[in-house]
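Everything on this sheet refers to the single structure shown next.
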Amino acid sequence: MAKQMNLNNYTRKAWIGLSFCFVLLTACQKDNAEPKEPATVSFPEKSTVTYGEQLRVPLPEGYGNGGTVQVDFSADQTKDYVFSDGNTLRQKLVKAARYDAEQHAIFVDSRLLYPTGTSSITSAEVLPSQYIWTVKLSTNLEQDAGLGYLHVTVDPAAVNIEGAEQDAGTAFAYGLYGEVESAFALSAMEDVKKGADWYLPVTEFAAVREGKIVFDASVSESKGEEETVVNSQPSLVKDGFVVASTPFRMIFIPKIKYLFGQYYPDLDITIDYSTVHIGLSNGYLSAAPVFYPDKYKSTFRLKAVEKNGVPFANSGDIFEVEESSGKVRVKPSENLTAGSYKVYVEAVSSTGLVFVTTLTLGMS
């Protein structure tokens, strides 16, 4: 009986020993196993954002839906650049990227970067045509480890030019030859202006001063009746790189002669017929006003009427202006009383400029 019990004890000890060895062997095999390669994660082939805005890139499907996700960024795939403050482009790229766990998305803050492919105005260095982030994903589930690359292009922001129109991406405006400067206020979004300065390459006739682009009056010297076109590109520059700009075409036209009367351009003589006496209550049609150079003439309209220096209601449209010619028409009316009627006539040129002249009708 004692021998049987000893045998059973021996058997149990043997099984325990074998089980312990199995556990140790399994643990050693796990320790010696090669680390699992992260799965390839696909991001959009190219993402684009305008400077001053934030780019949102959702995590690929399957990541972030369960468990905790850790997202790490590096920028080894982007050609580096050292800025004057000692910081590098790769450092700025890493700082500009972040992961938002609530939205399960990556955000890139373009305000911490610069438009891609931009050349420095101080060193002529050119930034890469795209920025590349290496994105490493890991979760509390080992099989969810992933590796991907985020390719982003940053476009420059736009500069707004007060009073200018747009045509195919180019701002333009018309001005008159004269003896004074022509100035247009510049503006941009606050996030775009932060840390940046206004800049314009040195030109003969244009400069940026106090947030305005200013054209020198000398642009019109000795130009006769020809138009003068000045092309420029006012910009905002940060750390030597253009972050916002807009092409701007300024077109100067000769001074406009606009009056009721006559003008002789070869002699530069003006004869004023802007005061006429007519019979009270009679109908009347004036001669057309002079608008020179004629090629800029477009349409005319009635702006206002005054009687003896006081605004006149013009009930019943007694005073009218022919849209195509600028002639002033007075309808026969018994409601008019004697006095001096000044008619303000606007001319809208083919370039969009507005001019005003007057015709005074003395009625008695």
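Quick notes
- Charge sum, other residues only, whose C-beta stays under 10 Å from S286's C-beta, Lys/Arg counted +1 and Asp/Glu -1: +1
- Entry note, the chain: relative contact order of 12 percent, from Cα contacts under 8 Å with a spacing of 6+ residues.
- Measuring r between the beta carbons of L285 and V229 and using R0 = 35 Å, the FRET efficiency lands at 0.35.
- Label zone at D167 (point 7 Å along Cα-to-Cβ), backbone N below 12 Å, region 238-258: 249-252
- The length gained on full extension between N160 and T360, counted as 0.36 nm times the residue separation minus their Cα-Cα distance, comes to 67.9 nm.
- All other residues whose Cβ lies under 10 angstrom from that of S110 are scored, Lys and Arg at +1 and Asp and Glu at -1, for a net of -3.
- Sparse-neighbour loop sites [trypsin sites (Lys or Arg not before Pro); region 150-245; at most 13 other C-beta within 10 Å; DSSP]: K194, K223
- C-alpha long axis of helix 2-32 to longest principal axis of the chain, angle in °: 30
- Distant-in-sequence amide H partners of G52 (H built 1.01 Å from N, under 5 Å): S110, R111
- Neighbourhood net charge (12 Å Cβ-Cβ; Lys/Arg +1, Asp/Glu -1) for K95: +3
- Each DSSP beta bridge with both residues in the chain is either parallel or antiparallel, and the antiparallel ones are about 80%.
- Candidate cross-link partners of K193 among the aspartates and glutamates, defined by an alpha-carbon separation under 13 Å and a same-chain spacing of 8 or more, comprise E53, D239.
- Region 232-327: GluC sites (Glu not before Pro) in DSSP coil with no more than 15 other Cβ atoms inside 10 Å: E323
- Listed values (1) 34.1; (2) 18.5; (3) 20.0, entry calculated as mean projected area of the Cα convex hull in nm²: (1)
- Cα→Cβ-extended label distance, 7 Å offset, between L353 and D76, nm: 6.3
- The label point for A105 and the one for S298, both projected 7 Å from the Cα toward the Cβ, are 4.3 nm apart.
- Taking each residue as 0.36 nm, the span from V126 to Y273 lengthens on full extension beyond its C-alpha to C-alpha distance by 46.6 nm.
Every number in this text was worked out from the coordinates using simple rules, so none of it is lab data. Note that the structure is a prediction, hence the values are computed from the model and not measured. As a convention, Cβ positions derive from the backbone with ideal geometry for all residues, glycine included, and neighbour counts pool all protein chains shown.
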